[in-house]
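*Asks:* Let me begin by handing over the structure; questions about it come next.
The values are calculated or read from the model by the stated rules, or taken from the named source; none is laboratory data. Small disclaimer: the values here were computed from a predicted structure and weren't measured. When the accessible area is computed, the model is the full protein with side chains, heavy atoms only, and any ligands, DNA or RNA have been set aside. Shrake-Rupley method; radii C 1.70, N 1.55, O 1.52, S 1.80 Å.
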Amino acid sequence: MYELVSNSEALTYLQLPATVDLTQLITNISARIETYTGRWFITRPVVDVLDSGGGGMLFLSRYPVQGTPTVTDLTANTQVTDFLTYSGSGMLYREGGWEAGRQRYRIEYQAGICADVATVPADVKQAALEWIKARYDRRDPAIRREQLGDYSYSADEPDGIPPGVKAALSLWCVPRGH
């Protein structure tokens, strides 16, 4: 549902017949890329229930925000509409501040960078395809190293991310703590 490449794109990249189904591998790699970067690439629905200390900002769990969030004050059981959305940073600003309270606000919104798999940035798509290829070519994950004559193979990535993929995704990583 939130795959970064389609099965047909992966089959073309790996030069495999159309009868091969890579869906599970694509789903796994897509999820790992989103975890590694800290970003959602494909837009999806989010529901946050947030505390407020009475300040002017509420910080959403995901961004960028697509559209206008729906905010409900759970204590007053009313919709809140007098706020500004800072889409790129996932912040909601309310002049005069948000009323204080634990789990006071329910915010429903859409978050992510791309509308669908067709709009995933080319470098992210390429990184996904390269990682899928690396995993497909190494079908036995128990094999870490092997050598036969002049041929040798090594899978030394401790986190399982090929170095080229890690480099391509580095620009998309959200700094930890944000």
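*Asks:* Give the relative contact order (percent, whole number) for the chain; include only Cα pairs under 8 Å separated by 6+ residues.
*Replies:* It rounds to 26 percent for the chain.
*Asks:* What percent of all Cα-Cα pairs in the chain falls in each 10 Å bin, counting up from 0?
*Replies:* 9, 30, 25, 18, 12, 5, 1, 0
*Asks:* Per residue of region 83-90, in order, report the coupling 6.51 cos²θ - 1.76 cosθ + 1.60 (Karplus, θ = phi - 60°) as ³J(HN,Hα) in whole Hz, putting x for Gly and Pro.
*Replies:* Working through the residues one at a time gives 9, 10, 9, 9, 4, x, 10, x Hz.
*Asks:* Run through every distinct alpha carbon pair of region 33-113 and return the Kirkwood hydrodynamic radius in angstroms, one decimal place.
*Replies:* 12.8 Å
*Asks:* Let me ask something additional. Only helical DSSP H runs with n ≥ 4 go in: add -39500 (n - 2.57) per run for the chain, normalise by residue count and round the 222 nm mean residue ellipticity to 500 deg cm²/dmol.
*Replies:* Taken over the chain, the calculation gives -8000 deg cm²/dmol.
*Asks:* So what are the ³J(HN,Hα) numbers for region 35-41, from phi and the Karplus equation (6.51, -1.76, 1.60; θ = phi - 60°), rounded to whole Hz, Gly and Pro as x?
*Replies:* Each residue's phi maps through the Karplus curve to give 5, 4, 7, x, 10, 9, 8 Hz.
*Asks:* While we're on this one: So, with a 1.4 angstrom probe, what is the percent of accessible area on the chain that is carbon and sulfur?
*Replies:* 53 percent
*Asks:* Taking amide H atoms as placed 1.01 Å from N in the peptide plane, list the residues 5 or more away in sequence, or in a different chain, whose amide H sits under 5 Å from that of ARG104.
*Replies:* Residues meeting the criterion, in which the H sits 1.01 Å from N, are LEU50, ASP51, SER52.
*Asks:* Of all DSSP beta bridges located in the chain, what percent are antiparallel, nearest 5?
*Replies:* 95 percent
*Asks:* Further question on the same structure: Expressed as a whole percent, how much of the Cα-Cα distance distribution for region 94-136 exceeds 13 Å?
*Replies:* In whole percent, the long-distance tail amounts to 72.
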